[in-house]
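Read through the structure below, which is laid out as structure tokens, and then see the notes.
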Amino acid sequence: MSDHTSTAPIVIVGAGLGGLAAAIALRHSGHHIIVVDKTRALGEVGGPLGISPPTLRLFGEWGLLEQFNQISSATRYFETHDQAGHVESVTDYATIPEIGSEHGRFGYADTELSPRTVHRADLHALMVAHLGRDRVRLRHQLTGLAEHDDHVELTFADDAVIRTQLVIGADGLRSTVRGLFSDDSINYCGSVIFRAVSPVDCLGTRPNDRLRSWHSADYAKHVIAMPVRAGRQVAVDATLGIDEPPLHLWSARADVAALARQFDDFETVVGQLIRGAAGPVYMHPVYDRDPIARWTTERVALLGDAAHPMTPFGGQGANQAIQDGAELARQLSDAQDGDVAAALQRYQAVRIEQTAEIQRSARQLASRRATIAMRLTDVLVDA
């Protein structure tokens, strides 16, 4: 074994929410793990998340729920408006949903536990702290993966090599580990989301206690606002339907005034929320990938966006990634005679069934949105 080679029982590639969930769940079951990620530093990423009751119950099992409740907000209601601000519907997640309804299909309905909203960065920081920062190795850019009869060998850009018994690919939409299963490409879904966090004062006299959305008649323009940081701030996702795939502008910064003008024909509070952004507003194009038939081999498993990337319109990407991690840990802990391959197959069977309809529904929600005639560069800084 060379000086650049090390060993580890389980290696999780990707320190996003799904990878961290798998790590936490496996540690609770007594497994030894390391998490590797290509990033140089763990910092604020992403935007607001709705966390469903099934995920909250997992946080309870892992001893995270009390701390999570301190950084999040209970959101029992989802209030939908047309662009002028007229209320179209108010969903009460504490009621039993109608068959086929969105809030039932996406797992938010629960008579005992309200969903909660949180900023992704706050949840990520909490999970890293709970796992232990020493178990996350940064600056590990995966360049190769070779599966052998008795181990998997991972190679990295700095020539480091790790040999392990099991690899969990949690490396997101552009997953390197997924290349073992498919050579498919990402799909641009025709929408771009601009994410902001604004002071609660931008809501005026409205309580910051629920999800609210506004949309144009053709859904080419859509805004959702939700409480974050225990209700002290409002997270805003402003979505525009744009035909041009903005592959070269990932996470470009918005001209806030120009972006707000796109919503001048919406209720006044929408413009206030966008113009009131407390920091830079970044663009996030919406992508997914086609479903694949297989997520596991003898010693490799995918989870989260690496396995089933979905559009954010059902609010389920993070929830399903976290639930993947929990199910994978459960199956590995229940493995008979250490039969990892059989455990991975059971994990795949359970989670493909649970995620397939959600993935399809999230894509359908994206496809119903019209597009507007504009250049994306019109609302970006120095594009």
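As an exercise: evaluate ASP237 against (1) surrounded by fewer than 20 Cβ atoms within 10 Å (Cβ to Cβ); (2) in a strand (DSSP E or B); (3) at pLDDT below 95 and give the number of the one condition it does not meet.
(3)
Within segment 145-219, considering only strands (runs of 3 or more DSSP E) that don't extend past its boundaries, which have at least 2 residues that are within 30 Å of ALA373 (Cα to Cα) and in contact with a Gly (Cβ under 6 Å, 6 or more places away or on another chain)?
Numbers: elements: 152-156, 161-169, 187-199, 211-215.
In segment 145-219, the matching strands (runs of 3 or more DSSP E) lie at 187-199.
Please go through segment 150-193 and pick out each residue that is over 13 Å from LYS38 (Cα atoms), in contact (Cβ under 8 Å) with a residue 24 or more places away in the chain and of a type in the set (Asp, Glu).
ASP159, ASP184
Determine if segment 235-252 includes at least one residue that is over 22 Å from MET374 (Cα atoms) and touching a Gly at 6+ places or on another chain (Cβ under 8 Å). Quick ask: steps written out before the conclusion?
Step one: list which residues in segment 235-252 are over 22 Å from MET374 (Cα atoms), which gives 235.
Checking which are touching a Gly at 6+ places or on another chain (Cβ under 8 Å) leaves us with 235.
Within segment 235-252, one or more residues are over 22 Å from MET374 (Cα atoms) and touching a Gly at 6+ places or on another chain (Cβ under 8 Å).
How do the pairs read when you match residues in segment 28-44 that are in the same structural domain as LEU138 (by TED's automatic domain parsing) with residues anywhere that are surrounded by fewer than 16 Cβ atoms within 10 Å (Cβ to Cβ) and not in a loop (DSSP other than H, G, I, E, B), using Cβ under 6 Å and keeping only pairs 6 or more apart or on different chains?
SER29/SER333; HIS32/PRO9
Count, please, the residues in segment 240-267 that happen to be part of a helix (DSSP H, G or I) and touching a residue at least 24 places away in the same chain (Cβ under 8 Å). Write out each step before concluding.
Residues of segment 240-267 part of a helix (DSSP H, G or I): 247-249, 256-261.
Narrowing further to those that are touching a residue at least 24 places away in the same chain (Cβ under 8 Å): 247, 249, 256, 258-259.
Residues that pass the stated criteria total 5.
Does GLY271 satisfy the condition of being assigned to a helix (DSSP H, G or I) and under 20 Å from the mean Cα position of the chain (by Cα)?
Numbers: assigned to a helix (DSSP H, G or I): yes; under 20 Å from the mean Cα position of the chain (by Cα): no.
No, not satisfied.
Pick out the one residue from ALA301, ALA326, ALA277, ALA318 that is of a type in the set (Gly, Ala, Ser), in a helix (DSSP H, G or I) and at pLDDT 95 or above. Don't jump to the end; show me each part of the working.
On the way: ALA301 fails: in a helix (DSSP H, G or I); ALA277 fails: in a helix (DSSP H, G or I); ALA318 fails: at pLDDT 95 or above.
Only one candidate passes the filter, namely ALA326.
Restrict the check to segment 1-23 and report whether at least one residue is without any contact (Cβ under 8 Å) to a residue 60 or more places away in the chain, of a type in the set (S, T, N, Q) and part of a loop (DSSP other than H, G, I, E, B).
Looking for residues that are without any contact (Cβ under 8 Å) to a residue 60 or more places away in the chain, of a type in the set (S, T, N, Q) and part of a loop (DSSP other than H, G, I, E, B), one finds none in segment 1-23, hence no.
Restricting to segment 250-264, name every residue that is more than 20 Å from the chain's Cα centre (by Cα) and surrounded by 16 or more Cβ atoms within 10 Å (Cβ to Cβ). It would help to see each step written out before you state the result.
Here is the first cut: in segment 250-264, the residues more than 20 Å from the chain's Cα centre (by Cα) are 253-264.
Result: ALA254, ASP255, VAL256, LEU259, ALA260, GLN262, PHE263.
Going by the conditions given, is THR268 modelled with pLDDT of 95 or more, more than 19 Å from LEU26 (Cα to Cα) and out of contact with any Ser or Thr (no Cβ under 9 Å at 6 or more places or on another chain)? Working first, answer last.
On the way: modelled with pLDDT of 95 or more: yes; more than 19 Å from LEU26 (Cα to Cα): yes; out of contact with any Ser or Thr (no Cβ under 9 Å at 6 or more places or on another chain): yes.
Spelling it out, THR268 is indeed modelled with pLDDT of 95 or more, more than 19 Å from LEU26 (Cα to Cα) and out of contact with any Ser or Thr (no Cβ under 9 Å at 6 or more places or on another chain).
How many residues, within segment 80-101, are surrounded by 17 or more Cβ atoms within 10 Å (Cβ to Cβ) and either over 21 Å from PHE313 (Cβ atoms) or at pLDDT below 95 (or both)? Write out each step before concluding.
Going residue by residue through segment 80-101, those that are surrounded by 17 or more Cβ atoms within 10 Å (Cβ to Cβ) are 81, 83, 91, 93, 97.
Then drop every residue that is not either over 21 Å from PHE313 (Cβ atoms) or at pLDDT below 95 (or both), which leaves 91, 93, 97.
The total comes to 3.
Please enumerate the residues belonging to segment 259-300 that are among the aliphatic types (A, V, I, L, M) and in contact with a Gly (Cβ under 8 Å, 6 or more places away or on another chain).
Filtering segment 259-300 down to residues among the aliphatic types (A, V, I, L, M) leaves 259-260, 269-270, 273-274, 277-278, 281, 283, 286, 292-293, 300.
Answer for segment 259-300, where residues must be among the aliphatic types (A, V, I, L, M) and in contact with a Gly (Cβ under 8 Å, 6 or more places away or on another chain): ALA260, VAL269, VAL286, VAL300.
The values are calculated or read from the model by the stated rules, or taken from the named source; none is laboratory data. Note that the coordinates shown come from a computational prediction; the quantities given were computed from them, not determined experimentally. Neighbour counts are summed over all protein chains in view; Cβ atoms, including those assigned to glycine, are modelled from backbone coordinates with ideal geometry.
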